[in-house]
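Report on one structure; see the data block that follows.
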Amino acid sequence: MLRDRKYTIANGEAVQGPLGLSVLSGLPELPLRSPDHLKTSAELARLILILSLAPTIGLGIGRFAYALVLPDMRDSLHWSYSASGFMNTINAVGYLAGALMASRMIRRFGLAANVRWGTLACVLSLALCAISANFVVLSSARLLAGFAGAAAFVGGGALAAAIAQSRPERADFLMSLFYAGPGIGIIFSGLMAPYVLQVFGPGSWWIVWWAMTLLTAVMIVPLLLAPLGSSTLPTHATGTRFSIKPVVIYLTAYFLFGAGYIAYMTFMIAYVRDGGGGAAAQSLFWSLIGISAFATPWVWRGALALDRGGLSTTIILGVNALGASLPMFGHSPLLLAISALVFGVAFFAVVGSTTAFVRFNYPPSEWPAGIAAMTIAFGVGQTLGPIVVGAITDTLGNLSYALSLSAAMLALGAILAAFQGKLVAKSHAP
């Protein structure tokens, strides 16, 4: 899974593809080497851990921590669930745009600049959320967080892949340090935000944003000072067309995953609070999602090795749906804790299963275009999911409907993936 991700991140440029969609086209292998003064695995690991601060800030905190502040913001600002969901919808729009434009920005400004400036913009977006209650300003901040977080993640992943390649025997371990970033950010925000709200009381949502701004401002310092270099990607690229028809069922399943998981991540803390869960319960629930990320590579190693169409995605997505459905049976702390662990350990792995599917079913020249198509389907799903689920909740008047719909979309996605067979074998590298 990690090797596939390295290839995906290190190769790609936005070009016009079938149906007018922007997809990634194959590029030469990333021509980067780790800095000459880094000789030992420990030094390489330390640099990749510093790079992991980009997804820690941009994704784990800048993107996902909104769910922790949402209940107090909704009460204080008198938002509907639709308005609440829109904040994650606009964030997803920014993320999709940033992911599709990342290669062009990297070519123009370089990898290190994209990582540093993208992460700085994420810190700025947190400050914007703290200084204004205006809906337009907050929406703009969430859009910026999504766009900048994606740019920093792609650039950081490419640099991490280049560093890891200098120690092939340790590459998987080194890359796992980078991809632990979002989980670390979830844990940090989960240990902080609920208690800040508890100490300062209702209406203190803006204090939480300031606290996260200060936290990320400290965390970004090593990233700004690290010797990341200034390498850029090569300018030559060739177009690769990708046929959607053979995998339309699989793309639909991945779309449903995008819509279903983000609804759970948006509204679940509100559900815990509405059920009487205080700061400790909210903190524990959110932290368990982050902690489960560290078990993902070991839990799903066998499933990700299955070269049988959409079967691995069906298995993982089915477990994801199970975790999302558990809260429908009550507010028991034990039940909610199990839900967080089961949901978390699966949702971090679904992306890896789609990468494996592309690798098993397409020649290397089509891998970037195939993963780009998956990313677009996923991006559209997570863009529509929060606002649609929020609107349904407003109409029916109960947050439990949002979680039920979330679990249903994940379950339907798992079922659809089961109907995706292995594609006609092509001649390509194993």
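Structure data summary
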quantity	calculated
√(5λ) per eigenvalue of the Cα gyration tensor, segment 83-178, largest first, Å	30, 13, 12
Value of D in µm² per second that Stokes-Einstein yields for segment 336-394, Kirkwood Rh from Cα pairs, at 37 °C (0.692 mPa s)	242 µm²/s
Segment 302-414: C-alpha pair distances exceeding 25 Å, %	30 percent
Whole-Å distance, taken between Cα centres, linking segment 319-346 and segment 94-140	32 Å
Relative contact order %, the chain, counting alpha carbon pairs below 8 Å whose residues are six or more apart	26 percent
Accessible solvent surface per residue of the chain, calculated while the other protein chains remain in place, 1.4 angstrom probe, Å²	38 Å²
Protection proxy ranking, peptides 69-78, 91-100, average beta carbon neighbours within 10 Å, highest first	91-100, 69-78
FRET efficiency, Trp210 to Asp75 (Cβ-Cβ, R0 25 Å, nearest 0.05)	0.85
Phi to ³J(HN,Hα) by Karplus 6.51 cos²θ - 1.76 cosθ + 1.60 over segment 289-296, Hz, x for Gly, Pro	4, x, 4, 4, 4, 6, 8, 3
The chain, helix-only ellipticity at 222 nm - DSSP H runs n ≥ 4, -39,500 (n - 2.57), divided by all residues, nearest 500	-23500 deg cm²/dmol
Calculated from backbone phi, Karplus (6.51, -1.76, 1.60) coupling profile of segment 339-351 in Hz, x at Gly/Pro	4, 4, 5, 5, 4, x, 5, 8, 5, 6, 9, 4, 4
Fraction of accessible area attributable to carbon and sulfur, the chain (%, probe 1.4 Å)	69 percent
Which labelled figure in (1) 1.01; (2) 1.32; (3) 0.95 is Rg/Rh (Cα atoms, Kirkwood Rh), once derived from the coordinates	(3)
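The values are calculated or read from the model by the stated rules, or taken from the named source; none is laboratory data. Values in this document were obtained by computation on a predicted structure and should not be read as measured data. Reconstructed Cβ throughout: ideal geometry from the backbone, glycine too, with neighbour counts over all protein chains shown. Only protein heavy atoms, including side chains, enter the accessible area calculation; ligands, DNA and RNA are left aside. Shrake-Rupley method; radii C 1.70, N 1.55, O 1.52, S 1.80 Å.
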